[in-house]
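Note sheet for the following structure.
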Amino acid sequence: MLRGWAAQGLDLDLVVFEPTPTPEIAGLIARQGWTLNPAADAVVAADGVVLSVKPQSLALALESTVRAVTGPETLVLSIMAGITVEKLREACGAERVVRAMPNTPGQIGRGITAWYGGADVTAADEELVRSLLAPLGALERIPAERQMDAVTAVSGSGPAYLFLLTEALAAAGEAEGLERGLAERLARATVTGSAALMEQSAATPLELRKEVTSPGGTTAAAIDVLTAGGGLVSMLRRAVEAAVARSRQLGRQS
């Protein structure tokens, strides 16, 4: 997010609390004239707070930093799985809370972020949230907060599923005699190229798959294996269900 804000030239008087900043991030903050890790009690209540920590670390973040810089008029933008608007309002002492779930392609401006605003969020708040999230890629506003767990499971965790598929495809190619580097290059280019085609095409994923799958051909033989007994479709359904359940569990535990 910091990279995106810097690239967009957003006019932000930014204070960053990061216990272990990388040299790259520290340098970026310095070049932008932002502030890194001041004493929390030296910072007045902020207009907005972006809360980007693991749900398990929320209590520590609240104690060490967040409560010191958050007031009743502060807008809180939470990027945490599972933690509800109501719980965040109580924990932070803020009335206006927005939840968002970006994903890792946002690092290059090609991600997608779903967000949900609580009842007290104003039109001006929405405009600010959009300006902060737009550098990461596409935006989707979610009508009901209960959908955020499914968003987390599909798009938040989704890049890992694609990376695992790429790993597995490369390993399968290597097992069939391809040199390891070649197998990985083929798998990576296939996944990224297919994603680009899907983005640019008006066809649905089903239609694109059928275009590749000639009856009785090699692709059809592979698809038969991937779909047998529910196969990949069933596995992904169970994977998303597990991620949703874990998101809800994190919300209850934090």
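A short reminder: the numbers here are calculations on the coordinates, not readings from a lab. The structure displayed is predicted, hence computed values, not measured ones. Glycine gets a Cβ as well: all are built from the backbone with ideal geometry, and neighbour counts include every protein chain shown.
Brief remarks on what is shown
- Structure-derived Cα Rg over 2.2 N^0.38 Å - corresponding label in (1) 1.11; (2) 1.01; (3) 1.19: (3)
- Calculated SAXS-style log₁₀ I(q)/I(0) at q = 0.10 Å⁻¹ - segment 158-253, Debye, Cα scatterers: -0.37
- Both numbers refer to the Cα atoms of segment 90-166; Rg and Dmax are 13.5, 44 Å.
- Kirkwood hydrodynamic radius of segment 2-149, from inverse mean 1/r over distinct Cα pairs, in Å: 15.7 Å
- From most to least packed by mean Cβ count within 10 Å, the peptides 61-69, 40-48 give 61-69, 40-48.
- Cα-based helix-to-principal-axis angle, 231-253 vs the chain, degrees rounded to 10: 10 degrees
- The ranking of Lys87, Lys210 by Cβ neighbour count inside 10 Å, starting from the fewest, reads Lys210, Lys87.
- Ordering of 183-191, 93-101 by packing [mean C-beta count within 10 Å, highest first]: 93-101, 183-191
- For Leu36, net neighbour charge (Lys/Arg +1, Asp/Glu -1) across residues whose Cβ lies under 14 Å away: -2
- The helix-only estimate of mean residue ellipticity at 222 nm for the chain, built from DSSP H runs of length n ≥ 4 each weighted as -39500 (n - 2.57), is -15000 deg cm²/dmol after division by the residue total.
- Around Glu86: net Lys/Arg minus Asp/Glu count, Cβ-Cβ under 12 Å: -1
- Residues Arg180, Arg248 arranged by fewest to most Cβ contacts within 10 Å: Arg180, Arg248
- The alpha carbon gyration tensor of segment 64-133 gives principal lengths a ≥ b ≥ c with a/c of 1.5 or higher and a/b greater than b/c, which makes the shape prolate.
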